[in-house]
Amino acid sequence: MEPTASFIDAMNAQPANLELALATVARALDAAALPRWGRDESVAFVAMGASLNSAQVPLAALAQRRRPAVAVIASDVADGLAAVRADHSIIVSESGRSPEPLAAAGALPKGSRIGITNFPDQPIREATDVVLGLGGFPDSPVYTSGYTATILAYALLLDRVGALDSGEEAARLPERAAEALRGYAPIAEAAGGILAGAASIDVVGRGASLASAAELSLMVREGLRTPSSAFETYQYLHGPMEVLSADDVLVLFGDGRETTIPSSVLDAGVRVVLVTSAEAAELPASGHPGLTVITVPSGLGLFERAVVETVIGQLLIAAAVQHKPFPLEEFLYHQDDTKLPVRAG
């Protein structure tokens with residue numbers, strides 16, 4: 001069996017696990033000796049669930065460099081509902097056994113497929129041309145370390161092939177995770193109670209922060225058993241926010257339009273958690289009793305910001321579940337086709 005850990009243990013082990021991933025992915029890249037990518041070469045990220053959420057981070061980073069990239073649902077590729085026309089494909093499966101990414105890899109050209117996984121000895125090895133292992137560390141059923149380590153792997157990989165200058169940023173991620181775990185636990189403890197009492201939770205962000213929004217929403221559904229949806233910021237303004245009521249909570253990640261959204265919902269009784277690097281003086285609703293502001297450092301790179309935001313989300317979940325009558329790791333519904341059998345070592 002693959003090693004597993006509780007959510008709390010895996011969350012707190014992230015600095016060490018990210019250090020392990022940093023070394024392990026670097027060794028795999030050394031062995032692979034991948035060629036540098038041309039300026040106009042494109043990449044597709046092919047994954048499911050949390051792994052697909054994580055792809056929003058490199059998409060945003062590549063967009064800043066005007067490099068073509070897309071994220072695609074693996075089952076759509078496997079079933080012919082989406083066609084991938086990219087020079088490179090990054091196939092992500094934390095377990096290395098998710099059938100949809102593996103099937104999607106079979107529909108992609110040989111020689112173009114790079115796998116990212118925590119367990120490279122699983123079937124993903126045969127499905128891809130190069131596989132980057134994260135280290136084989138224990139992870140929680142609601143993914144924690146595997147998710148942030150995948151973000152680290154993107155930064156290292158894209159730096160190595162010349163698509164981004166993100167290697168130094170990748171090296172800072174273990175310490176960023178450690179700082180976030182130390183620094184945000186108190187405010188997350190308070191905000192976790194707000195999330196625990198919500199009838200539903202909307203989570204909003206854009207660019208790289210859309211990854212944080214989507215991942216927190218998934219953790220809310222998996223861990224808190226609370227209805228939740230994630231939205232891109234401006235999409236959210238075009239109708240989805242109309243269901244908000246005083247029974248609901250809105251979580252926002254960002255420094256732009258996200259900072260003004262609270263003003264339109266707080267007086268209706270909606271409780272808002274805003275994760276931002278904006279100064280308090282820049283927030284129109286600053287000081288409102290229904291607004292909780294969690295301040296992140298300004299000037300972070302996109303990969304750093306994503307890891308810090310993700311750890312904040314994890315801390316919120318860890319605090320909120322203390323108010324629930326069930327454990328975080330206990331899933332109600334089990335599907336027998338979301339993972340292939342574990343391959344013995």
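Can you name every residue in segment 254-284 that is free of Cβ contacts under 8 Å to residues at least 24 places away in the same chain, more than 20 Å from residue 210 (Cα to Cα) and either in contact with a Leu (Cβ under 7 Å, 6 or more places away or on another chain) or exposed (fewer than 14 other Cβ atoms within 10 Å of the Cβ) (or both)?
267, 279, 280, 281, 282
Among the residues of segment 185-199, which ones are within 22 Å of the chain's Cα centre (by Cα) and either of a type in the set (D, E, K, R) or open to solvent by less than 30 Å² (accessible area, probe 1.4 Å) (or both)?
188, 189, 191, 192, 195, 196
Which ones in segment 17-39 are open to solvent by 60 Å² or more (accessible area, probe 1.4 Å) and either under 18 Å from the mean Cα position of the chain (by Cα) or among the acidic types (Asp, Glu) (or both)?
Of everything in segment 17-39, those that are open to solvent by 60 Å² or more (accessible area, probe 1.4 Å) and either under 18 Å from the mean Cα position of the chain (by Cα) or among the acidic types (Asp, Glu) (or both) turn out to be 19, 30.
Here is a list of conditions, (1) in a loop (DSSP other than H, G, I, E, B); (2) in contact (Cβ under 8 Å) with a residue 24 or more places away in the chain; (3) of a type outside the set (Lys, Arg), and residue 71 meets all of them except one; can you say which number that is?
(1)
Can you tell me which condition residue 316 does not meet? The list is (1) surrounded by fewer than 24 Cβ atoms within 10 Å (Cβ to Cβ); (2) under 18 Å from residue 199 (Cα atoms), and all the others hold.
The one condition residue 316 does not meet is (1).
Filter segment 28-63 down to residues that are assigned to a helix (DSSP H, G or I) and of a type in the set (A, V, I, L, M), then give me how many there are.
Number satisfying all stated conditions: 12.
When residues of segment 1-32 are filtered for being of a type in the set (A, V, I, L, M, F, W, C) and within 17 Å of residue 116 (Cβ to Cβ), how many remain?
11
The values are calculated or read from the model by the stated rules, or taken from the named source; none is laboratory data. For clarity, every value in this text was computed on a predicted model and none was experimentally measured. Because the Cβ atoms are built from the backbone with ideal geometry, glycine has one as well, and the counts that use them run over all protein chains shown. For accessibility, only protein heavy atoms count, side chains too; no ligands or nucleic acids. Shrake-Rupley method; radii C 1.70, N 1.55, O 1.52, S 1.80 Å.
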